[in-house]
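Asker: Before I ask anything, here is the structure I am working with.
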Amino acid sequence: MLDFDTQVAIVTGAGRGIGEATAMLLAEQGASVVVTDVIDERETVGEAIEENGGTALVRELDVTDYEQAEAVVEDTLDEFGRVDVLVNNAGIFPTAGLDEMTPADWQQVIDINLTGTFNCTKAVLPVMRDQEYGRIVNVSSAAGGRVGWSGDLSHYAASKGGVVGFTRSAAIDLGPDGITMNAIVPGMIDTGAAERVSADEEIEAAVNMTPVGRQGDPEELASAITYLASEPAAFITGASLVVDGDHPGLSGRTGPAHRPLSELCNSDKT
Ligand SMILES: NC(=O)c1ccc[n+]([C@@H]2O[C@H](COP(=O)([O-])OP(=O)(O)OC[C@H]3O[C@@H](n4cnc5c(N)ncnc54)[C@H](O)[C@@H]3O)[C@@H](O)[C@H]2O)c1
């Protein structure tokens with residue numbers, strides 16, 4: 001068990017999916033959790049945390065609005081007196097090919113996925129600097145550089161690649177004050193989000209290219225995020241932790257749907 005007793009965590013986009021699973025797990029590990037989102041389901045997540053014996057503060061937060069982020073940090077300080085962890089999880093992934101993508105489509109994805117990460121980081125920064133302690137975990141995506149994923153996600157890939165670049169650079173700035181910043185790079189996670197933008201066959205084809213051969217559970221992401229958000233992860237910063245059920249050296253070239261190497265070797269000889 002990672003000890004988050006006396007710690008306070010803010011999670012963005014915590015009304016469902018990976019954010020919800022992360023908020024629940026951090027609370028289970030003893031953190032007081034500030035559950036933020038633009039959707040009303042944040043209230044249900046806060047209630048679930050309290051029902052499990054945890055402590056939650058629920059706030060509306062649109063991560064594109066810097067002043068709202070500052071207000072959430074103020075409320076957190078009023079309620080709990082500190083902010084130890086920030087999980088920048090809020091994100092959207094609409095699909096559009098370049099020809100139909102409008103400048104407004106592009107801007108919205110960058111605003112939420114990338115600028116939102118900056119806004120919330122900037123809002124917690126003075127507090128974490130004063131405390132000389134902080135853990136910031138940014139949720140990127142395998143679509144942000146590791147694999148091409150889909151041609152319909154170029155704005156999304158740009159935003160998530162930007163999150164990795166931001167993480168690597170900001171970690172250098174933050175390190176001397178006891179603040180770490182890392183990125184999580186998820187593959188396909190079973191939150192229903194992939195189903196909203198991709199056909200079932202596309203999802204099946206994508207997961208069949210990985211050795212694990214399935215989508216990840218939100219809880220599997222939450223446990224990786226929670227580790228990076230913990231005190232014992234003090235010596236990891238600026239890193240990107242890939243959590244995608246894939247093999248780093250064989251991306252897209254292995255998986256249950258593929259023939260074993262011995263078969264490929266035999267077929268090469270014939
Ligand atoms: N599910 C996947 O396969 C997958 C893969 C790679 C990366 N990710 C990333 O993981 C994160 C969570 O994804 P998910 O699958 O749980 O998706 P989800 O859609 O279930 O959850 C995203 C949450 O972000 C919130 N959100 C959207 N716009 C917001 C805004 N302006 N301000 C605050 N909150 C806002 C939504 O209301 C929602 O609750 C996202 O950043 C996503 O890009 C997901």
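Asker: Condition first: among the hydrophobic types (A, V, I, L, M, F, W, C) and at pLDDT below 95. Now tell me which residues in the range 174-188 satisfy that.
Answerer: Listed by number, the list holds a single entry, Met188.
Asker: In the range 52-61, is there at least one residue being crowded, with 23+ Cβ neighbours inside 10 Å, at pLDDT 95 or above, within 22 Å of Gly216 (Cβ to Cβ) and aliphatic (A, V, I, L, M)?
Answerer: No, the range 52-61 contains no residue that is crowded, with 23+ Cβ neighbours inside 10 Å, at pLDDT 95 or above, within 22 Å of Gly216 (Cβ to Cβ) and aliphatic (A, V, I, L, M).
Asker: Do we have any residue at all in the range 197-213 that's at pLDDT 90 or above, within 15 Å of the ligand (Cβ to nearest atom) and on the phi < 0 side of the Ramachandran plot?
Answerer: yes
Asker: Within the range 5-14, track down each residue that is surrounded by fewer than 24 Cβ atoms within 10 Å (Cβ to Cβ) and either among the β-branched types (Val, Ile, Thr) or within 19 Å of Val72 (Cβ to Cβ) (or both).
Answerer: Selection gives Thr6, Gln7, Val8.
Asker: Somewhere in the range 92-103, is a residue crowded, with 22+ Cβ neighbours inside 10 Å, at pLDDT 95 or above and within 13 Å of the ligand (Cβ to nearest atom)?
Answerer: So far as the range 92-103 goes, no, none of its residues is crowded, with 22+ Cβ neighbours inside 10 Å, at pLDDT 95 or above and within 13 Å of the ligand (Cβ to nearest atom).
Asker: Which members of the range 76-102 meet the condition of being over 17 Å from the mean Cα position of the chain (by Cα) and more than 17 Å from Gln131 (Cα to Cα)?
Answerer: Thr95, Ala96, Gly97, Leu98, Asp99, Glu100, Met101, Thr102
Asker: Give me the residue from the range 162-196 that is assigned to a loop (DSSP other than H, G, I, E, B) and not hydroxyl-bearing (Ser, Thr, Tyr) and, out of that set, nearest to the ligand (Cβ to nearest atom).
Answerer: Once the filter is applied, the top-ranked residue is Met188.
Asker: Of the residues that make up the range 25-43, is at least one buried (at least 19 other Cβ atoms within 10 Å of the Cβ), charged (D, E, K, R), in contact (Cβ under 8 Å) with a residue 40 or more places away in the chain and within 14 Å of the ligand (Cβ to nearest atom)?
Answerer: Yes, some residue in the range 25-43 is buried (at least 19 other Cβ atoms within 10 Å of the Cβ), charged (D, E, K, R), in contact (Cβ under 8 Å) with a residue 40 or more places away in the chain and within 14 Å of the ligand (Cβ to nearest atom).
Asker: Residue check, Asn113 against (1) at pLDDT 95 or above; (2) away from the ligand (no atom under 11 Å from the Cβ); (3) in contact with a Lys or Arg (Cβ under 9 Å, 6 or more places away or on another chain), all met but one. Which one?
Answerer: In the conditions (1) at pLDDT 95 or above; (2) away from the ligand (no atom under 11 Å from the Cβ); (3) in contact with a Lys or Arg (Cβ under 9 Å, 6 or more places away or on another chain), Asn113 misses (2) alone.
Asker: Could I ask something else about it? Could you list, in sequence order, the residues of the range 198-228 that are farther than 23 Å from Pro94 by Cβ, in a helix (DSSP H, G or I) and out of contact with any Gly (no Cβ under 7 Å at 6 or more places or on another chain)?
Answerer: Within the range 198-228, Glu219, Glu220, Ala222, Ser223, Ala224, Ile225, Thr226, Tyr227, Leu228 qualify.
Asker: Only one of these is modelled with pLDDT of 95 or more, assigned to a helix (DSSP H, G or I) and among the basic types (Lys, Arg): Arg135, Arg129. Name it.
Answerer: Just one listed residue meets the conditions, Arg129.
The values are calculated or read from the model by the stated rules, or taken from the named source; none is laboratory data. Computed from a predicted model, the values in this text were never measured in an experiment. No Cβ is skipped: glycine too gets one built from the backbone with ideal geometry, and neighbour counts run over all protein chains shown.
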